[in-house]
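Note sheet for the following structure.
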Amino acid sequence: MRDYLIAGNWKMNGSRRENDALIAGIRQSTPTGIEFLVCPPQVYLEQVGALVAGSSIGLGAQNVSEYHGGAYTGEVSASMLAELGCRYVLVGHSERRALFAELDEQVASKFAAAVEQDLKPILCVGETLAQRQADETEAVVVAQLDAVLAEVGSTGFAGAVIAYEPVWAIGTGETATPEQAQQVHALLRARLASEDAELADSTRILYGGSMKPDNAAGLLGQPDIDGGLIGGASLDATQFLQIGAAAPVSQ
Ligand code: PEP
């Protein structure tokens, strides 16, 4: 039995005033039985941590350094995120892979650094449009997952989350159909099962890529889709909550 996780990736958006209003809106009617998570920019983690305190909304970061500490100007370590109350951290988001040249090996090191501090990594995987058109989707997402499994093994993966995010669907208004998404989710779960059946059964695999209130029910109704990683729609409390409300209560 996997509880649904609805995670908001705020990206580089927000201000102290906007964050106050957004969290107040989400707190007004957070449904029970579904885990909600918000991932604000790092500079707002402390503020948002205080705003969600005492609620069922979790706090996550959008990035983490693979290093423990020292002369790494501009970096933030996993222990610092844990100290601020983060429970989760995104690793390998496609924007970090594409815009900041993060490679699979670095993503795997970040994942391992998070696990060492008891942060739950949300490993983002996904193919570009060109890769989908070249029929490379399966190879790409499995290679992204394998890089992490090679670093931490199946025991290091326990408690982690995968987010399947086709790059062509992120911020574009294009969404994978429920069937397209389910196919990739099932493949990722099968890959985990080849390592450890129990791990495969317990690992939540989120879908991300223009998930909105009007397409959420179809996606969240698929047997291997255990929640969503939401970008644009997570900046609107009503839409974020509506996406959560579209999840079947149990699966
Ligand atoms: C994301 O950034 O992870 C994402 C899924 O964005 P959007 O929902 O805006 O496509």
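The values are calculated or read from the model by the stated rules, or taken from the named source; none is laboratory data. Bear in mind that the values here come from a model prediction, so they are computed numbers and not experimental data. Counting neighbours? That spans all protein chains shown, and the Cβs are built from the backbone with ideal geometry, glycine included. Ligands, DNA and RNA are stripped out before the accessible areas are found, and what is left, the full protein with its side chains, is counted by its heavy atoms. Shrake-Rupley method; radii C 1.70, N 1.55, O 1.52, S 1.80 Å.
Centroid-to-centroid, using Cα positions, segment 52-97 and segment 18-38 are 20 Å apart. Taking amide hydrogens as placed 1.01 Å from N in the peptide plane, the amide H of Ile6 sits under 5 Å from those of Glu35, Phe36, Leu37, Gly228, each at least 5 positions away in sequence or on another chain. Under a 5 Å amide H cut-off, with hydrogens placed 1.01 Å from N, Arg204 pairs with Ile162 among residues at least 5 apart or on other chains. In this simple spin-label approximation, Leu103 and Asp118 carry label points 7 Å from Cα along the Cα→Cβ vector, and these lie 3.4 nm apart. Placing R0 at 22 angstrom, the Cβ-Cβ distance between Glu18 and Leu84 gives a FRET efficiency of 0.70 after rounding to 0.05.
Where does the Debye-calculated log10 I(q)/I(0) of segment 57-191 sit at q = 0.10, 0.15, 0.17, 0.22 Å⁻¹, using only Cα point scatterers of equal weight, no solvent? Debye output, listed in q order: -0.32, -0.72, -0.91, -1.36. For segment 80-97, putting each phi into the Karplus relation 6.51 cos²θ - 1.76 cosθ + 1.60 with θ = phi - 60° gives couplings of 5, 5, 5, 5, 7, x, 5, 9, 10, 8, 6, 10, x, 4, 4, 5, 6, 5 Hz, in residue order, rounded to whole numbers and with x for Gly and Pro.
With the convex hull of the Cα atoms taken as the outline of the chain, the averaged projected area works out to 12.3 nm². Scanning the chain for GluC sites (Glu not before Pro) that sit in a DSSP loop and have at most 16 other Cβ atoms within 10 Å, the longest stretch containing none of them is 1-74.
So in the chain, what percent of DSSP beta bridges are antiparallel if you round to the nearest 5?
Percent antiparallel among DSSP bridges in the chain is about 0.
If the segment from Ala71 to Ala197 were pulled out straight at 0.36 nm per residue, it would be longer than the present Cα-Cα gap by 41.3 nm. By the combined test of axial Cα extent (at least 20 Å) and Kyte-Doolittle hydropathy (mean at least 0.0), the qualifying DSSP H helices of the chain come to 137-157. For the chain, the fraction of 1.4 Å probe accessible surface lying on carbon and sulfur atoms is 51 percent. Of all stretches in the chain that contain no chymotrypsin sites (Phe, Trp or Tyr not before Pro) in a DSSP loop with at most 15 other Cβ atoms within 10 Å, the longest one is 101-251. For Cα pairs less than 8 Å apart in space and 6+ apart in sequence, what is the mean separation divided by the residue count of the chain, i.e. the relative contact order in percent? Taking the mean separation of contacting Cα pairs over the length of the chain, I get 22 percent. At a Cα cut-off below 26 Å, give the lysines reachable from Lys212, other chains included and same-chain residues fewer than 8 away excluded. Partners found: Lys11, Lys120.
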